[in-house]
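> Got a structure for you, questions after.
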Amino acid sequence: MPMTQSMSHAVFWTIVSSILVIAYTSTAKHLALDGLPVAVIVFFRCLFGVIFLIPWLLNHGLAGLVTKKPFLMASRGFFTMIGFYCLFSALSLMPIADVIVIQYTKPIFATFAAVLVLHEVMTKSRWLGVLIALCGMLLIVRPGFEEINLGVFWAIGAMVSGAYTTISVKFLTRTEGPDKITAWMVLGMTISSAIPAFLVWEWPNLEQLGWLAFAGLVANGFQQTMARGYAYADATALMPFEFTRLIFASISGYLFFAEGIGLLTWAGGIIIFISGLFLVRSESKAEFKN
């Protein structure tokens, strides 16, 4: 597949995954503010994720779960679950955009980890793309958080877990399909999240069940689209496009939670998009020369 087409597919799936991650993040924030315990939210998110996977499981059976990397599959599910606990806890204490801002340290760390662990090449254009996107993010953050609360530490925990899952999914896509990766993750998280949920159990009402089902659906979609994006391009090449999550987070925070959004946020978003376009152009030129 030509580089331009491959990269365009990767960018498309990455942006779709950004929309989906903000959709379930916003849903989780709504449920947490509504008083539902975080452990219960995580469990039902995982449970509904399994329900939406039933057609795939019936079609492929247990043979569809056979993998050459069971430890990496299981560890990714564990760290993803920890990331959910941290993320949802942070969302109950902070605006969505602030949490996403902290998450943007994840692509920076994951970029360097991709070079060290996956042995990807960090080209000059990729360095410049990440740096330009970082400048856009810093413009949005201005001038930083006024105070540090417990939510910041929860968000940092989610970032660390996310960095591991980002690198692990790229490594797994070398030999495993995106649906299999998602199935392992959801099944593992559902089993391991049952005990913490039982300790603080509270039955959700019908409206909350509807939101939990929606969260499970879009969260599964996020995992699948993210895996598809990484199957088309290196993790380092897609990092700038993950910054678009902040734009969608700002819009969601403004529309649904009365969280402010200003002119500089849009300016930073434009810079982030420019960094992505620059990277695609540079990658395409490099391939043409080769």
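The values are calculated or read from the model by the stated rules, or taken from the named source; none is laboratory data. All values derive from a computational prediction rather than experimental measurement. Heads up, the Cβs are rebuilt from the backbone with ideal geometry, glycines too, and the neighbour counts pull from every protein chain shown. Just the protein is used for accessible areas: all its heavy atoms, side chains included, with ligands, DNA and RNA removed. Shrake-Rupley method; radii C 1.70, N 1.55, O 1.52, S 1.80 Å.
> Which of the residues that make up segment 178-197 are over 15 Å from Tyr85 (Cα atoms) and open to solvent by 10 Å² or more (accessible area, probe 1.4 Å)?
Pro178, Asp179, Lys180, Trp184, Leu187
> If you don't mind, another one. Restricting to segment 191-206, give me the number of residues that are assigned to a helix (DSSP H, G or I) and not hydrophobic (A, V, I, L, M, F, W, C).
Narrowing segment 191-206 to residues assigned to a helix (DSSP H, G or I): 191-199, 206.
Next, only the ones that are not hydrophobic (A, V, I, L, M, F, W, C) stay: 192-193, 196.
So the count comes out to 3.
> Given the condition over 17 Å from Pro55 (Cα atoms) and of a type in the set (Val, Ile, Thr), answer yes or no: does some residue in segment 201-224 qualify?
No, segment 201-224 has no match at all.
> May I pose another question? Please verify whether Phe88 is under 27 Å from Pro37 (Cα atoms), part of a helix (DSSP H, G or I) and modelled with pLDDT of 75 or more, treating the condition exactly as stated.
Working: under 27 Å from Pro37 (Cα atoms): yes; part of a helix (DSSP H, G or I): yes; modelled with pLDDT of 75 or more: yes.
Yes.
> Does Phe44 satisfy being among the aromatic types (Phe, Trp, Tyr), modelled with pLDDT under 85 and farther than 19 Å from Leu172 by Cα? Steps first, answer last, please.
On the way: among the aromatic types (Phe, Trp, Tyr): yes; modelled with pLDDT under 85: no; farther than 19 Å from Leu172 by Cα: yes.
Considered against the rule, which asks whether it is among the aromatic types (Phe, Trp, Tyr), modelled with pLDDT under 85 and farther than 19 Å from Leu172 by Cα, Phe44 comes out as no.
> Considering segment 2-48 alone, what residues qualify as being open to solvent by less than 20 Å² (accessible area, probe 1.4 Å) and either without any contact (Cβ under 8 Å) to a residue 12 or more places away in the chain or not in a helix (DSSP H, G or I) (or both)?
Answer for segment 2-48, where residues must be open to solvent by less than 20 Å² (accessible area, probe 1.4 Å) and either without any contact (Cβ under 8 Å) to a residue 12 or more places away in the chain or not in a helix (DSSP H, G or I) (or both): just Leu36.
> Further question: Report yes if some residue within segment 212-220 is free of Cβ contacts under 8 Å to residues at least 40 places away in the same chain, open to solvent by 50 Å² or more (accessible area, probe 1.4 Å), under 22 Å from Thr27 (Cα atoms) and in a helix (DSSP H, G or I); otherwise report no.
Narrowing segment 212-220 to residues free of Cβ contacts under 8 Å to residues at least 40 places away in the same chain: none.
No, segment 212-220 contains no residue that is free of Cβ contacts under 8 Å to residues at least 40 places away in the same chain, open to solvent by 50 Å² or more (accessible area, probe 1.4 Å), under 22 Å from Thr27 (Cα atoms) and in a helix (DSSP H, G or I).
> When you scan segment 198-205, do you find a residue that is acidic (Asp, Glu), free of Cβ contacts under 8 Å to residues at least 40 places away in the same chain and open to solvent by 50 Å² or more (accessible area, probe 1.4 Å), even just one? Lay out the reasoning, then the answer.
Here is the first cut: in segment 198-205, the ones acidic (Asp, Glu) are 202.
Checking the rest, the ones that are also free of Cβ contacts under 8 Å to residues at least 40 places away in the same chain come to none.
So far as segment 198-205 goes, no, none of its residues is acidic (Asp, Glu), free of Cβ contacts under 8 Å to residues at least 40 places away in the same chain and open to solvent by 50 Å² or more (accessible area, probe 1.4 Å).
> Among residues belonging to segment 221-242 that are polar (S, T, N, Q) and within 11 Å of the chain's Cα centre (by Cα), point out the one that is modelled with the highest pLDDT.
Start the filter on segment 221-242 by keeping residues that are polar (S, T, N, Q), which leaves 223-225, 236.
Those left that are additionally within 11 Å of the chain's Cα centre (by Cα): 223-225.
Numbers: Gln223: 74, Gln224: 79, Thr225: 87.
In this case the residue turns out to be Thr225.
> Exactly one condition in (1) touching a Pro at 6+ places or on another chain (Cβ under 8 Å); (2) under 18 Å from Ala74 (Cβ atoms); (3) not in a helix (DSSP H, G or I) is not met by Thr166; state its number.
Going through the list (1) touching a Pro at 6+ places or on another chain (Cβ under 8 Å); (2) under 18 Å from Ala74 (Cβ atoms); (3) not in a helix (DSSP H, G or I), Thr166 breaks only (3).
> Counting just the residues of segment 225-255 that are surrounded by fewer than 23 Cβ atoms within 10 Å (Cβ to Cβ) and among the charged types (D, E, K, R), which one comes out farthest from Val130 (Cα to Cα)?
Arg228
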